[in-house]
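A short write-up of the structure that comes next.
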Amino acid sequence: MSREIILNAIKQNQPELKPLPADVDFYYEQIDAAEKFKQVLEFIGGKLHTADSLADVKQQLETAFPQAERWITAMPEFAQYATLIQPADPHTLENVDVAIIKGHFGVAENGAVWVTEDLLGARALPFITQHLVILLNKNSIVPLMQQAYQLIGDGDHGYAAFIAGPSKTADIEQSLVIGAHGPRSLTVFLINDLA
């Protein structure tokens with residue numbers, strides 16, 4: 001058969017177009033989303049703290065990471081506590097001990113946090129640091145991924161990711177290794193009125 005015959009056969013054999021089904025809202029038991037998020041995050045190796053203010057976060061972080069020397073943030077409101085990232089050169093992210101970023105929302109069922117490039121400063125930041133800290137508004141946790149994708153909608157992001165727990169792999173001689181391909185720890189702070 002010639003190429004033209006094959007392409008014409010494909011064009012003539014198109015399925016009938018049908019509209020997409022309406023969104024299905026999955027049933028879920030009413031839960032305390034923040035408590036479930038905490039349980040799952042801790043189960044996958046992360047830590048969760050609550051805080052009333054950014055100053056409270058800083059105080060808790062100094063206790064949690066007393067040896068940390070290089071602190072980087074993508075949050076202008078946190079720049080008094082850490083160096084504000086300049087995204088022009090990712091090589092400036094070398095030797096980052098603690099990176100502090102903001103998340104859009106968390107997902108209770110899997111302990112994941114949705115972040116987009118506009119909150120990161122540099123795409124590599126959450127993966128190159130030794131310890132990743134994500135700040136979330138306490139009221140921004142949804143129960144299921146279904147609701148997470150509804151929040152995301154048709155958002156057009158150059159880069160975005162769900163981040164859950166510290167980096168881990170068991171590919172290295174079938175032993176669990178934490179921090180092999182990314183941060184050694186993930187700490188999430190739920191803040192009462194984080195804008």
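The values are calculated or read from the model by the stated rules, or taken from the named source; none is laboratory data. These numbers were taken from a predicted model, which means no experiment stands behind them. Backbone-built Cβ (ideal geometry, glycine too); neighbour counts: all protein chains shown.
Restricting attention to the range 99-109, does a residue exist that is touching a strand residue (DSSP E or B) at 6+ places or on another chain (Cβ under 8 Å), closer than 20 Å to Pro166 by Cβ and surrounded by fewer than 17 Cβ atoms within 10 Å (Cβ to Cβ)?
For the range 99-109, residues touching a strand residue (DSSP E or B) at 6+ places or on another chain (Cβ under 8 Å), closer than 20 Å to Pro166 by Cβ and surrounded by fewer than 17 Cβ atoms within 10 Å (Cβ to Cβ): absent.
May I ask you to list the residues in the range 157-193 that are closer than 22 Å to Ala108 by Cα, assigned to a loop (DSSP other than H, G, I, E, B) and hydroxyl-bearing (Ser, Thr, Tyr)?
Answer for the range 157-193, where residues must be closer than 22 Å to Ala108 by Cα, assigned to a loop (DSSP other than H, G, I, E, B) and hydroxyl-bearing (Ser, Thr, Tyr): just Ser167.
Return yes when Val96 is assigned to a helix (DSSP H, G or I), modelled with pLDDT of 85 or more and either β-branched (Val, Ile, Thr) or exposed (fewer than 10 other Cβ atoms within 10 Å of the Cβ) (or both) and no when it is not. I'd like the intermediate steps shown before the answer.
Numbers: assigned to a helix (DSSP H, G or I): no; modelled with pLDDT of 85 or more: yes; either β-branched (Val, Ile, Thr) or exposed (fewer than 10 other Cβ atoms within 10 Å of the Cβ) (or both): yes.
It is false that Val96 is assigned to a helix (DSSP H, G or I), modelled with pLDDT of 85 or more and either β-branched (Val, Ile, Thr) or exposed (fewer than 10 other Cβ atoms within 10 Å of the Cβ) (or both).
Between Val40, Val24, which is under 23 Å from the mean Cα position of the chain (by Cα) and either within 30 Å of Ile163 (Cβ to Cβ) or loosely packed, with under 10 Cβ neighbours inside 10 Å (or both)? Give the derivation first.
Working: Val24 fails: under 23 Å from the mean Cα position of the chain (by Cα).
That would be Val40, the only listed residue that is under 23 Å from the mean Cα position of the chain (by Cα) and either within 30 Å of Ile163 (Cβ to Cβ) or loosely packed, with under 10 Cβ neighbours inside 10 Å (or both).
I want to confirm something. Restricting to the range 152-172 and keeping residues that are modelled with pLDDT of 90 or more and surrounded by fewer than 19 Cβ atoms within 10 Å (Cβ to Cβ), which single residue is farthest from Leu48 (Cα to Cα)? First the steps, then the outcome.
Going residue by residue through the range 152-172, those that are modelled with pLDDT of 90 or more are 152, 159-164.
Cutting the leftovers down to surrounded by fewer than 19 Cβ atoms within 10 Å (Cβ to Cβ) gives us 152, 159-162, 164.
On the way: Ile152: 23, Tyr159: 25, Ala160: 22, Ala161: 19, Phe162: 16, Ala164: 12 Å.
Within the range 152-172, the match that is farthest from Leu48 (Cα to Cα) is Tyr159.
Can you find even one residue in the range 181-192 that is surrounded by fewer than 16 Cβ atoms within 10 Å (Cβ to Cβ), within 21 Å of Ala33 (Cα to Cα) and in contact (Cβ under 8 Å) with a residue 12 or more places away in the chain?
Yes, some residue in the range 181-192 is surrounded by fewer than 16 Cβ atoms within 10 Å (Cβ to Cβ), within 21 Å of Ala33 (Cα to Cα) and in contact (Cβ under 8 Å) with a residue 12 or more places away in the chain.
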